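The block underneath contains the structure these notes are about, expressed in structure tokens.
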Amino acid sequence: MGLFINGSGAAALKAYKYSGSDLSLTYKYILSPFAQFCVDNATPKYIAPNTITATGLVLMFIAYTVMYYYSPNLTGSVQCDDTTHDNCVETGAIPRWVYLLNGVCMLAYQTLDNMDGKQARRTGSSSPLGMLFDHGCDAINSPLGSLNWCVAMGIGAATPFVCFWTLVASAIPFYISTWEEYYTGSLVLPYINGPSEGLILGASLSFVSFFHGPHFWHGRDFYVAFLGPGALLHNPGTDYFCRAVAYVFDPTYAEAEFRGCCNYELLLCLAAFCALQEFFLKTVNIVHKFGLRPLLNLLPFLTLLSCSLACGSFYPLAVRSSMRSCMLLFGVLFVDAVTALMLAHMTAATPAKARVVLLPLLALAAAGAAGALEDGDGDGWQKHAVTGYLAAAVTFVAFKFTVVVTEITECLGIYCFDISTKRVDRVEYVEGRVTRSSNGKKRA
């Protein structure tokens with residue numbers, strides 16, 4: 001039997017048929033027709049759909065690498081008054097063309113992500129591997145895009161909770177949609193969703209930073225125009241709401257000095273509303289149809305969220321000094337959890353309620369709660385622990401991806417990046433034994 005796919009899983013994989021829909025009007029009338037035009041007029045038939053998907057992810061890696069070069073620890077683009085969070089100015093440490101590059105790469109990724117499925121249907125090469133590869137790349141892009149958004153908005157080590165929520169705002173709807181798909185058999189994206197409106201918003205955010213500078217997001221233009229005193233929507237309720245938002249997101253918040261919410265705070269509130277309403281609506285729908293038992297499969301994600309918040313509370317100095325590494329670690333652990341759920345869905349397997357890669361995070365949170373480990377910044381054990389954990393998690397997830405893709409291609413008798421060459425060898429998992437076939441002949 002395979003390391004990740006057994007005999008029954010291989011049988012389910014061969015019978016698997018993807019079902020899904022995107023209710024977004026933006027996708028229906030703009031993104032989908034444009035992607036279809038690109039496939040019909042600019043994509044040769046010999047190009048594998050997975051090659052299109054991978055190309056989009058490579059573009060996002062390029063944008064991420066450039067932003068990492070200029071802001072390795074999510075600092076340097078904006079400087080504000082430390083006591084009032086006012087008078088924010090652009091430092092010039094990050095050239096503005098970097099934001100333009102990120103916006104362009106994000107839109108290119110979105111287009112290529114929409115093109116791969118259309119190319120698969122056009123060439124008759126649709127397969128479960130394509131679905132897993134596509135959604136797996138989407139999962140990887142989620143934390144990469146969030147980190148780039150943090151740089152574009154000039155937020156980082158000074159506001160760790162804001163950075164964390166930027167990650168979580170994209171991770172919640174992604175995981176909950178995958179969880180819903182596991183039970184209903186269909187992936188349904190709502191009228192406003194991350195792959196469509198979310199990526200457009202992220203690209204637009206980068207373009208605004210290109211034209212106006214990242215310090216724009218630390219201003220109060222949105223508050224003054226819509227929610228501040230004298231604005232159309234201003235009332236005691238919105239005033240209380242804005243003060244609550246500033247209290248949550250602004251570490252320098254002072255009631256007596258409140259002058260309104262920053263632009264990025266209101267933007268994150270919009271993201272929070274979209275993410276949480278999707279989480280609650282889909283959770284209620286699944287519980288109504290299948291009872292409470294499916295909630296157990298939310299445990300890996302909820303463990304990741306709660307332990308990450310706990311570690312941020314117990315080790316604030318360590319998190320601030322290794323901000324990017326901590327966010328990357330969260331992203332890698334998220335990718336492991338959500339792709340495991342995807343694979344379980346495709347192979348009709350029962351998802352594991354606990355993930356081995358989460359154990360160190362759980363141990364760190366428990367040790368912090370017990371006061372067994374001290375906080376610290378600089379080059380202490382905390383930094384080395386985060387770096388080592390991140391390296392181990394990346395190694396494991398990369399290994400898992402490689403093995404899973406290999407097992408699926410062998411099981412289905414296809415190649416990952418080649419749809420022109422017919423594969424003559426095939427691996428079948430029968431009653432725990434590996435059976436290989438070549439040119440129609442089977443051999444054990």
Residues that are open to solvent by 60 Å² or more (accessible area, probe 1.4 Å) and of a type in the set (Ser, Thr, Tyr), drawn from region 23-44:
TYR29
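Restricting to region 121-136, name every residue that is touching a residue at least 60 places away in the same chain (Cβ under 8 Å) and open to solvent by 10 Å² or more (accessible area, probe 1.4 Å).
Across region 121-136, the qualifying residues are ARG122, THR123, SER125, SER126, SER127, PRO128, GLY130, MET131, LEU132, PHE133, ASP134, HIS135.
Here's the yes/no breakdown for (1) of a type in the set (Phe, Trp, Tyr); (2) open to solvent by less than 70 Å² (accessible area, probe 1.4 Å); (3) at pLDDT below 95; (4) in contact with a strand residue (DSSP E or B) (Cβ under 6 Å, 6 or more places away or on another chain):
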{"site": "SER209", "(1), (2), (3), (4)": "no, yes, no, no"}
{"site": "PRO236", "(1), (2), (3), (4)": "no, no, yes, no"}
{"site": "ARG243", "(1), (2), (3), (4)": "no, yes, yes, no"}
{"site": "ALA246", "(1), (2), (3), (4)": "no, yes, yes, no"}
{"site": "PHE258", "(1), (2), (3), (4)": "yes, yes, yes, no"}
{"site": "CYS262", "(1), (2), (3), (4)": "no, yes, yes, no"}
{"site": "LEU267", "(1), (2), (3), (4)": "no, yes, yes, no"}
Long-range neighbours under 7 Å by Cβ, at least six apart or interchain, first residue more than 13 Å from VAL162 (Cβ to Cβ) within region 232-259, second at pLDDT below 85 and assigned to a loop (DSSP other than H, G, I, E, B)
CYS242/GLY260; ARG243/PHE258; GLU257/THR84
Restricting the search to region 213-234, which residues are open to solvent by less than 80 Å² (accessible area, probe 1.4 Å), among the hydrophobic types (A, V, I, L, M, F, W, C) and more than 13 Å from CYS261 (Cα to Cα)?
ALA231
Kindly list, by first and then second residue, each pair from a residue in region 209-230 that is aliphatic (A, V, I, L, M) to a residue that is in a helix (DSSP H, G or I), limited to pairs with Cβ atoms under 6 Å and residues at least 6 apart or on different chains.
LEU227/THR238; LEU227/CYS242
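Output the residue which, of all residues in region 156-198 that are among the hydroxyl-bearing types (Ser, Thr, Tyr) and assigned to a loop (DSSP other than H, G, I, E, B), is surrounded by the fewest Cβ atoms within 10 Å (Cβ to Cβ).
SER186
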Step by step: first the residues of region 293-333, then only those that are at pLDDT 95 or above and among the β-branched types (Val, Ile, Thr), then the one that is most open to solvent (accessible area, probe 1.4 Å). Which residue is that?
THR303
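Considering only region 53-65, state which residues are open to solvent by less than 10 Å² (accessible area, probe 1.4 Å) and under 20 Å from SER125 (Cα atoms). Walk me through how you get there before you give the answer.
Keep residues of region 53-65 that are open to solvent by less than 10 Å² (accessible area, probe 1.4 Å), which gives 53, 56, 60, 63.
Selection gives THR53, GLY56.
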Spot the failing condition for ASP375; the list is (1) touching a Phe, Trp or Tyr at 6+ places or on another chain (Cβ under 6 Å); (2) in a helix (DSSP H, G or I), and only one is missed.
(2)
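Pull up region 1-22, narrow it to residues that are assigned to a loop (DSSP other than H, G, I, E, B), under 19 Å from TYR183 (Cα atoms) and not basic (Lys, Arg), then point me to the one that is least open to solvent (accessible area, probe 1.4 Å). I'd like the intermediate steps shown before the answer.
Of the residues in region 1-22, the ones assigned to a loop (DSSP other than H, G, I, E, B) are 1-6, 16-19.
Pick out the ones that are also under 19 Å from TYR183 (Cα atoms) and you get 16-19.
Pick out the ones that are also not basic (Lys, Arg) and you get 16, 18-19.
Working: TYR16: 30, TYR18: 115, SER19: 48 Å².
Per the stated criteria, the residue is TYR16.
I'd like the full set of residues that are closer than 20 Å to SER77 by Cβ and under 27 Å from the mean Cα position of the chain (by Cα), limited to region 223-252. Write out each step before concluding.
Going through region 223-252, the residues closer than 20 Å to SER77 by Cβ turn out to be 249-252.
Correct list: PHE249, ASP250, PRO251.
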Among the residues of region 265-280, which ones are aromatic (Phe, Trp, Tyr) and within 15 Å of GLY198 (Cα to Cα)?
PHE273
Would you say VAL287 is touching an Asp or Glu at 6+ places or on another chain (Cβ under 8 Å), part of a helix (DSSP H, G or I) and open to solvent by less than 90 Å² (accessible area, probe 1.4 Å)?
no
Just a yes or no: is a residue in region 59-70 part of a loop (DSSP other than H, G, I, E, B), within 24 Å of the chain's Cα centre (by Cα) and under 18 Å from PHE216 (Cβ atoms)?
no
Odd one out for VAL104, checked against (1) open to solvent by 10 Å² or more (accessible area, probe 1.4 Å); (2) touching a Cys at 6+ places or on another chain (Cβ under 8 Å); (3) of a type in the set (Val, Ile, Thr):
(2)
Return a yes/no flag: does region 334-348 have any residue that is open to solvent by 40 Å² or more (accessible area, probe 1.4 Å), free of Cβ contacts under 8 Å to residues at least 60 places away in the same chain and not basic (Lys, Arg).
no
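Tally the residues that are within 17 Å of the chain's Cα centre (by Cα) and not charged (D, E, K, R), restricting the search to region 278-305. Full working, then the answer.
Within region 278-305, the subset within 17 Å of the chain's Cα centre (by Cα) is 278-279, 298, 300-305.
Right, trim to not charged (D, E, K, R) and you get 279, 298, 300-305.
Here the count works out to 8.
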Residue check, LEU281 against (1) modelled with pLDDT of 90 or more; (2) open to solvent by less than 30 Å² (accessible area, probe 1.4 Å), all met but one. Which one?
(2)
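Working carefully through the options ASN50, ASN73, ASN41, find the one that is assigned to a helix (DSSP H, G or I) and under 20 Å from the mean Cα position of the chain (by Cα). Write out each step before concluding.
Numbers: ASN73 fails: assigned to a helix (DSSP H, G or I); ASN41 fails: under 20 Å from the mean Cα position of the chain (by Cα).
Only one candidate qualifies: ASN50.
Quick one: which of LYS383, LYS353, LYS400 is surrounded by fewer than 17 Cβ atoms within 10 Å (Cβ to Cβ), at negative phi and in contact (Cβ under 8 Å) with a residue 60 or more places away in the chain? Walk me through it before giving the result.
Values: LYS353 fails: in contact (Cβ under 8 Å) with a residue 60 or more places away in the chain; LYS400 fails: surrounded by fewer than 17 Cβ atoms within 10 Å (Cβ to Cβ).
Residue meeting the stated conditions: LYS383.
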Unmet requirement for THR75, which otherwise passes all of (1) of a type in the set (Val, Ile, Thr); (2) open to solvent by 50 Å² or more (accessible area, probe 1.4 Å); (3) free of Cβ contacts under 8 Å to residues at least 60 places away in the same chain:
(3)
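The values are calculated or read from the model by the stated rules, or taken from the named source; none is laboratory data. Not measured: the values here are computed from a predicted model. Virtual Cβ from ideal backbone geometry, glycine too; neighbours counted across all protein chains shown. These area figures cover heavy atoms from the full protein model, side chains too; ligands, DNA and RNA do not enter into them. Shrake-Rupley method; radii C 1.70, N 1.55, O 1.52, S 1.80 Å.
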